[in-house]
1. Considering the stretch B:58-90 alone, what residues qualify as being at the interface with chain A (Cβ under 7 Å from one of its Cβ atoms) and assigned to a loop (DSSP other than H, G, I, E, B)?
2. Using the structure shown, decide if A:Ala49 is surrounded by fewer than 23 Cβ atoms within 10 Å (Cβ to Cβ), among the aliphatic types (A, V, I, L, M) and either within 14 Å of another protein chain (Cβ to nearest Cβ) or touching a residue at least 12 places away in the same chain (Cβ under 8 Å) (or both).
3. Failed condition for A:Cys341, given (1) surrounded by 15 or more Cβ atoms within 10 Å (Cβ to Cβ); (2) not aliphatic (A, V, I, L, M); (3) not in a loop (DSSP other than H, G, I, E, B), with all others met?
4. Can you find, within the stretch A:331-374, the residue that is farthest from ligand 3 (Cβ to nearest atom) among those that are basic (Lys, Arg) and under 30 Å from A:Thr175 (Cα atoms)?
5. Here's a check for you: in the stretch A:1-53, which residue that is of a type in the set (S, T, N, Q) and within 25 Å of the chain's Cα centre (by Cα) is nearest to A:Arg261 (Cα to Cα)?
6. Is it the case, given these coordinates, that A:Lys276 is farther than 22 Å from A:Asn5 by Cβ, open to solvent by 10 Å² or more (accessible area, probe 1.4 Å) and more than 16 Å from ligand 1 (Cβ to nearest atom)?
7. Taking the options A:Pro60, A:Pro100, name whichever one is open to solvent by 30 Å² or more (accessible area, probe 1.4 Å) and modelled with pLDDT of 95 or more.
8. What do you reckon, is A:Phe336 part of a helix (DSSP H, G or I), open to solvent by less than 10 Å² (accessible area, probe 1.4 Å), more than 11 Å from ligand 2 (Cβ to nearest atom) and of a type in the set (Phe, Trp, Tyr)?
Amino acid sequence: MQKINYITENFGKYDVFSIDSYMNIGGFQSLQKAIDMEGEDIAAVLSDAGIKGRGGAEYPMGRKWSQARAVKRPHHCVICNADEGETCTFKDRELITNDPFNLIEAMVIAGWAVNAEDGYIYMRAEYSHLRPRLINAIKQAKERGFLGKNILGTGWDYDVHLYSGAGAYVCGEGTALIRSIEGKAGRPRMKPPFMKQSGLFARPTCINNVESLSIVPHLLHDAVPYMQAGTKESIGTKMVSVGGNVNKPGVYEVPFGITVRDIVYGLAGGIQEDHKIRLIQFGGASGKISDDRILDISYSYEDFAKNNLIIGSGSILVIDERTSVIDFLRYTQDFFLHESCGQCTPCREGNRHIRIFLEKIKNGTYTDEDIQTMKTFARVMPMSSLCGLGETAQNALKSAFDVFPEVFASKTQTEAVG
Amino acid sequence: MIEDSSKFEITDELKSKIEKILDNHYHDFTQIVGILLDVQDEIPQHYIPKAAAFYIAEKLPLKLSVIYDCITFYDALNEEPRGRYPIEICDSVACKVNDNDFLLGSLKELLGIDFGTVTYDGRFTIEKVSCFGACDRAPAVRINKTVYGPLKTKEQVRKLLEQFV
Ligand SMILES: Cc1cc2nc3c(=O)[nH]c(=O)nc-3n(C[C@H](O)[C@H](O)[C@H](O)COP(=O)(O)O)c2cc1C
Ligand code: SF4
Ligand code: FES
C-alpha cells in the first residue's frame with residue numbers, strides 16, 4: 001500500500017516545545033518564502049493544489065483567501081477553527097499534538113496573505129491539555145520576531161491569540177464560533193453579513209480548519225510531492241480519523257484515490273473479531289452513510305459525490321453487524337438533539353420529533369404515517385434551519401432512506417412479510 | 001452530599017485567585033468564557049458558585065445575565081457542584097458501539113451512584129458528555145482533563161478509580 005507523509009512530514013522529527021528544534025528541520029522557511037510573495041500568488045498556490053476546506057464544508061481554500069483579500073475594509077483577522085466537534089473526528093488533535101509550530105507558521109502565512117492584523121485559534125475545551133504547547137509556540141515565535149511588530153522587517157504587525165471553546169459542537173459553525181470568542185453564548189446568527197465582510201468583532205474574517213492551514217507551509221516549501229499524489233480531481237493527501245469497530249482506530253494520512261478497503265482493512269486493521277460491516281459513516285455526525293459496497297470505491301471527492309457521500313472532515317466511522325441501523329441512527333440523533341442550540345424551530349423541534357420516530361421504529365410501534373412525517377421533517381429541516389447544524393443533522397437519516405430502505409418499510413409490508 | 005451552590009461563601013483567597021485570573025485575561029470581558037473556565041478550575045467541585053459569578057460581574061463591565069447565559073449554554077461550564085473527580089463518560093457513537101454501556105454499568109456498580117448523585121465522600125460524579133475526540137480510545141472517560149481508555153473490563157475500571165483514592 002502507498003505510504004505517504006506529506007502533511008504529517010514533521011511528526012516525531014522535532015521537539016514540539018522548542019522553536020530551535022523546529023527551525024533545524026527547516027521551520028519558518030516557508031514563511032520567509034511567503035513574505036517575498038504577493039498574497040494573491042499564495043492563494044493561487046492553494047487553488048492550483050485544489051485544496052478544499054478540511055473542516056467539513058469543502059469550500060475551495062484558494063478562493064476563500066482571494067475573496068478575503070478583496071475585502072477592502074481594514075482590520076482583517078484570521079481564525080483557525082480547532083473546535084473539532086464532529087463525532088469520530090480527531091485528526092486536528094494529532095496535528096496540534098505533533099506539529100504545533102507548523103500551525104503557527106501557517107497562521108502567520110495566512111495573516112500575511114490576507115493582510116490581517118490578528119489571528120485567533122479557537123480550540124475546543126476538550127483539547128485543553130494541548131494549550132501549553134500552543135501557548136509556548138506562540139511565545140517562542142514572538143521572541144524570534146515571527147509574530148508581533150514589524151515581522152521579518154516587513155513593517156507588518158500581526159499577533160496570534162488562543163481562545164478556548166467550552167463544550168459546544170455548534171461553536172464549530174463560523175458565526176457561533178465568533179460569538180464565543182466575543183464572550184457570548186455561541187448561538188449562530190443569520191448570514192449575510194458574511195464572515196469575510198463582517199465576522200469577529202465586525203472585522204473581515206477568514207476562517208480555516210487546522211488541517212487546511214497545516215498544509216500551507218508544506219505546499220510553499222515543496223508542492224511537487226503533493227501535486228503528484230491523489231487523483232486528477234482530488235489532488236494530494238488527506239488526514240483521516242478512523243474509528244468505531246475497527247482493530248486499529250487512529251489517524252492516518254492517505255493519498256486521495258486509495259480505496260476505502262485499503263483504509264479500513266489495511267491501515268485500520270480490519271473489523272473487530274472479523275465481524276461483517278453494517279455501515280460506514282463519512283465526515284462525522286453530519287456525514288452520510290453507506291453499506292459495504294463503498295469498500296472498493298476510491299476515497300476521492302469525485303467518486304464520493306457519485307455515490308452520494310461526502311469526504312467532509314475526513315472521519316471514517318465503521319459500524320459492524322452487532323449494531324443495527326436504527327440504533328446507529330438513534331445514537332446520531334441523540335447527538336444532534338443534545339447539541340442543537342435550540343434557537344430555531346425546525347432544528348430544535350425537528351431533532352426532537354425525529355428522535356421519537358426512531359424510537360418508535362426501534363420498538364415496532366410506528367405507523368406508515370410516522371414514516372411519512374419523519375421523511376417530511378428530514379426534508380424540511382435542511383431548507384428551513386438557520387445554520388449548518390440543522391441543515392446537516394439529517395444527512396445520515398436521509399442517506400439511510402436510500403441505502404437501507406428495508407428499515408423504514410411500510411408497516412403493512414412488514415406485517416405481510418411476517 | 002452535594003452542597004448547595006447558594007450556600008457557598010466566597011473567601012478572600014478565592015477573591016484573589018479570581019483577581020489573578022482576570023489579570024491573566026487583561027480584564028477583557030470578551031474573554032469571559034476563558035475566565036469562567038479558569039475560575040471553575042479553582043473550585044474543588046468544578047463549578048461556578050453563584051457568589052463567584054456575582055463577584056466576576058462586579059469586576060467586569062458585564063451583566064450577570066450575560067455571565068449566566070454563558071454558564072448555562074456551555075456544557076463545560078457548570079452551575080452545580082460536582083465530585084472532585086467528575087467522571088465524564090463519552091456517550092457518542094464510537095464509544096457506544098464499543099460497549100460503553102458496560103463501562104457505564106461498571107462505574108455505577110463500583111461507585112454505587114447514578115447520574116446526578118455524588119459518592120458519599122464527595123469524590124465522584126458520573127456525567128454523560130458528547131464525543132471528546134478520543135474515539136481511538138473508545139470506550140473512554142475523561143476525568144479532570146485527562147482521557148482514560150479504552151476501558152473494556154471491570155478490572156480496568158476498578159484500577160482507574162483506585163488512582164483517585
Ligand atoms: C455545526 C457545525 C460545526 C462545525 N464544526 C467545525 C469544526 O469543529 N471544525 C472545523 O474546522 N469546521 C467546522 N465546521 C465548518 C466551519 O463552519 C467552517 O466551514 C470551517 O471552519 C472552514 O474552514 P475550512 O474551509 O478550512 O474547512 C462546522 C460547521 C457547522 C455547521
Ligand atoms: S439550526 Fe439548530 S443549531 Fe443552528 S441555529 Fe437553528 S437551532 Fe441552533
Ligand atoms: S465517540 Fe467517544 S470520544 Fe469520540
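The values are calculated or read from the model by the stated rules, or taken from the named source; none is laboratory data. Keep in mind that what you see is a predicted model, and the values were worked out from it rather than measured. Backbone-built Cβ (ideal geometry, glycine too); neighbour counts: all protein chains shown. Note: areas computed on protein heavy atoms with side chains; ligands, DNA, RNA excluded. Shrake-Rupley method; radii C 1.70, N 1.55, O 1.52, S 1.80 Å.
1. Those that are at the interface with chain A (Cβ under 7 Å from one of its Cβ atoms) and assigned to a loop (DSSP other than H, G, I, E, B): B:Tyr74, B:Asp75, B:Ala76, B:Leu77.
2. Against the criterion (surrounded by fewer than 23 Cβ atoms within 10 Å (Cβ to Cβ), among the aliphatic types (A, V, I, L, M) and either within 14 Å of another protein chain (Cβ to nearest Cβ) or touching a residue at least 12 places away in the same chain (Cβ under 8 Å) (or both)), A:Ala49 qualifies.
3. If we test A:Cys341 against (1) surrounded by 15 or more Cβ atoms within 10 Å (Cβ to Cβ); (2) not aliphatic (A, V, I, L, M); (3) not in a loop (DSSP other than H, G, I, E, B), just (3) comes out false.
4. Once the filter is applied, the top-ranked residue is A:Arg348.
5. A:Gln2
6. Judged against the criteria, A:Lys276 is a match.
7. A:Pro60
8. No, not satisfied.
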